[in-house]
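Structure, as structure tokens:
Derivation of every value follows stated rules applied to the coordinates shown; laboratory data play no part. It should be emphasised that the depicted structure is a prediction, and the values quoted were computed from it without experimental measurement. Virtual Cβ from ideal backbone geometry, glycine too; neighbours counted across all protein chains shown.
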Amino acid sequence: MIYTLAIGDRAYSSWSLRGWLLFDAFGLPVKTHRARLYTDELATILRDYFPARTAPTMRTPDGTVVAETIAIAEELATRHPDAAIWPTDPHARATARVLAAEMHAGFTALRTHCPMNLRVSYTDCQPPQAVLDDLKRLETLWAWARDTTRSTTQWLCGAYSAADAFFAPVASRIAGYNLPVNIDAMAYVNAHLAQPSFRRWRAMGMVDGPDQDFYRRDYPRRDWPGPARLAAQATQGLDAENTACPYSGEPVTHTLDLNGRRFGFCNAFCRDKTVADAEAWPKFMALYQS
Ligand SMILES: N[C@@H](CCC(=O)N[C@@H](CS)C(=O)NCC(=O)O)C(=O)O
């Protein structure tokens, strides 16, 4: 038995991203059950997670249901102290908890005006003053955290912690909506865009179902400002360099081309998430570089 996690569309469900990062970024295995938001899928999946009503909700290996992302963080941290989900230093840990709690409860203007959409980036979203105020508060909080914990990493409280996982969707909004923040805050945003677990989630989000109309905006667009993807392309045919899928070991049924070479996978989703961002997937990169 391992953990299971009910999630929404990866491109749009910011709380699901936070919940999943609490596993993937800390080396904890989890099986996801993905529901499409604005359909009855989530309610259907959550019948097995009573009394939860939102994504993410986890079920622990012993069957305990835990909804609310901050509760998931606390429960995983208690059950897996070696994963260092919170910083081990008491001052840094308390600081990280303050940050996660304020993120959990606040930044309503930013969240409302700029709903997370990992599939696009805009040049300008005409942020109202309330959004600019939220951004100033983020600059203040992030600078304070780095200062008070004397963080020497790119993260807020030393090593990547739950506080950073909680801000990953905000970082993606600042990047996606081209929101104005100071140079230190932008460096923190860029650290998130390059963080391996975030890249994996976004790669899956790029191919995880059709676009949702609710998130569509008519702002002018630009390229995603994160690390550039390798120029992989989905293709037909099964004559790949590998006969076994790099992820599952199962026989190849779907292929991609990359730099004149062809690689195979055992299903369309694993092929397509690799096309979306090949460098996000260590098992594929080991094959590519072999
Ligand atoms: N306070 C909750 C918020 C979770 C939440 O609002 N999740 C959204 C998806 S991002 C959801 O489940 N929406 C479906 C609904 O509300 O019916 C948490 O911390 O996990």
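Right, residue 123: under 19 Å from the mean Cα position of the chain (by Cα) and either farther than 20 Å from residue 188 by Cβ or among the small types (Gly, Ala, Ser) (or both) or not?
In short, no.
List every residue pair whose Cβ atoms sit under 7 Å apart, with the two residues 6 or more apart in sequence or on different chains, where the first one lies in the stretch 42-70 and is in contact (Cβ under 8 Å) with a residue 40 or more places away in the chain and of a type in the set (S, T, N, Q) and the second, anywhere, is more than 8 Å from the ligand (Cβ to nearest atom) and assigned to a helix (DSSP H, G or I).
Short answer, once both residue conditions are applied: 57/46; 57/49.
Does any residue in the stretch 1-30 that is among the acidic types (Asp, Glu) come within less than 7 Å, Cβ to Cβ, of a residue that is within 11 Å of the ligand (Cβ to nearest atom) six or more places away or on a different chain, and which pairs are these?
9/36; 9/37
Across the stretch 12-52, which residue is surrounded by the fewest Cβ atoms within 10 Å (Cβ to Cβ) among those that are among the small types (Gly, Ala, Ser) and more than 11 Å from the ligand (Cβ to nearest atom)?
The qualifying residue surrounded by the fewest Cβ atoms within 10 Å (Cβ to Cβ) is 27.
Quick check on this structure: which one of 152, 140, 112 is surrounded by fewer than 21 Cβ atoms within 10 Å (Cβ to Cβ), β-branched (Val, Ile, Thr), within 16 Å of the ligand (Cβ to nearest atom) and without any contact (Cβ under 8 Å) to a residue 24 or more places away in the chain?
Of 152, 140, 112, the one residue that is surrounded by fewer than 21 Cβ atoms within 10 Å (Cβ to Cβ), β-branched (Val, Ile, Thr), within 16 Å of the ligand (Cβ to nearest atom) and without any contact (Cβ under 8 Å) to a residue 24 or more places away in the chain is 112.
Among the residues of the stretch 173-189 satisfying the criterion of being touching a residue at least 60 places away in the same chain (Cβ under 8 Å) and within 18 Å of the chain's Cα centre (by Cα), which is farthest from residue 162 (Cα to Cα)?
177
Is it the case that residue 47 is assigned to a loop (DSSP other than H, G, I, E, B) and either farther than 13 Å from residue 163 by Cα or of a type in the set (Phe, Trp, Tyr) (or both)?
no
Within the stretch 59-83, which residues are under 16 Å from residue 165 (Cα atoms) and within 12 Å of the ligand (Cβ to nearest atom)?
68, 69, 70, 71, 72, 73, 74
State whether the residues of the stretch 190-202 include one that is touching a residue at least 60 places away in the same chain (Cβ under 8 Å), farther than 30 Å from residue 139 by Cα and assigned to a helix (DSSP H, G or I).
no
Conditions tested, residue by residue: (1) among the charged types (D, E, K, R); (2) crowded, with 20+ Cβ neighbours inside 10 Å; (3) touching a Phe, Trp or Tyr at 6+ places or on another chain (Cβ under 8 Å); (4) without any contact (Cβ under 8 Å) to a residue 12 or more places away in the chain.
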position: 241; (1), (2), (3), (4): yes, no, yes, no
position: 246; (1), (2), (3), (4): no, yes, yes, no
position: 263; (1), (2), (3), (4): no, yes, yes, no
position: 269; (1), (2), (3), (4): no, no, no, no
position: 272; (1), (2), (3), (4): yes, no, no, no
